[in-house]
Amino acid sequence: MNILVVDDEKDVQDLFLQRFRKEIKNGEMNFDFAFSGEEALDYLNKNEQKAVLILSDINMPGMSGLELLEHIKQKFHKPPPTVMMITAYGDDENYSTAKRLGADDFLTKPVDFKMLKEKLRKA
């Protein structure tokens, strides 16, 4: 499974690579990283068929994760990637907006990696 993680905090890359070390080594999961919404769109335009699941932070400078979600759901249809939104703020407004824009799931920070692994295995 190819997963694109979108977050403006660069230390997220090391965290995901550490927490999914076994799955990466076994070839079950492959992670790519984008550090802005714009970078994620650029990645998707070049690798449209590669990312089957996108984990995106909501609060980022420039293009927000919600704006990115809207672009993804409008443009990328074959096959449509699963998009899980991640935020430090579990407020109802972000949740409602993410669901309305087509988010497949919603996670809060700090990420519960045990629960995330279970969700990824079902995806």
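The values are calculated or read from the model by the stated rules, or taken from the named source; none is laboratory data. Everything numeric in this text was worked out from a predicted model, so none of it was measured. Here the Cβ positions follow ideal geometry from the backbone for every residue, glycine too, while neighbour counts run over all protein chains shown.
Could you say whether any residue in region 57-70 is free of Cβ contacts under 8 Å to residues at least 40 places away in the same chain, farther than 20 Å from V111 by Cβ and assigned to a helix (DSSP H, G or I)?
Within region 57-70 (the criterion being free of Cβ contacts under 8 Å to residues at least 40 places away in the same chain, farther than 20 Å from V111 by Cβ and assigned to a helix (DSSP H, G or I)), the answer is yes, since at least one residue qualifies.
Within region 47-95, restricting attention to residues that are of a type in the set (S, T, N, Q) and surrounded by fewer than 14 Cβ atoms within 10 Å (Cβ to Cβ), which residue is modelled with the highest pLDDT?
Q74
Quick check on my filter: what residues within region 96-123 are more than 20 Å from L15 (Cα to Cα) and modelled with pLDDT of 90 or more?
Within region 96-123, S96, T97, A98, K99, R100, L101, G102, A103, D104, D105 qualify.
Looking at L44 and the list (1) among the hydrophobic types (A, V, I, L, M, F, W, C); (2) within 11 Å of the chain's Cα centre (by Cα); (3) at pLDDT below 95, which single condition is not satisfied?
(2)
Which one of these does I24 not meet: (1) over 13 Å from the mean Cα position of the chain (by Cα); (2) in contact (Cβ under 8 Å) with a residue 24 or more places away in the chain?
So the condition that I24 fails would be (2).
Pairs needed: first member in region 110-122, under 15 Å from I86 (Cβ atoms); second member anywhere, of a type outside the set (F, W, Y) and assigned to a helix (DSSP H, G or I); C-beta distance under 6 Å; at least 6 residues apart or different chains.
Note: pairs meeting the criteria are F113/R19.
Scan D14, D32 and give me the residue that is within 11 Å of the chain's Cα centre (by Cα), of a type in the set (D, E, K, R), outside any loop (DSSP other than H, G, I, E, B) and surrounded by fewer than 21 Cβ atoms within 10 Å (Cβ to Cβ).
D32
Residues in region 71-90 that are outside any loop (DSSP other than H, G, I, E, B) and either under 21 Å from D112 (Cα atoms) or of a type in the set (S, T, Y) (or both): how many?
Selection size over region 71-90: 6.
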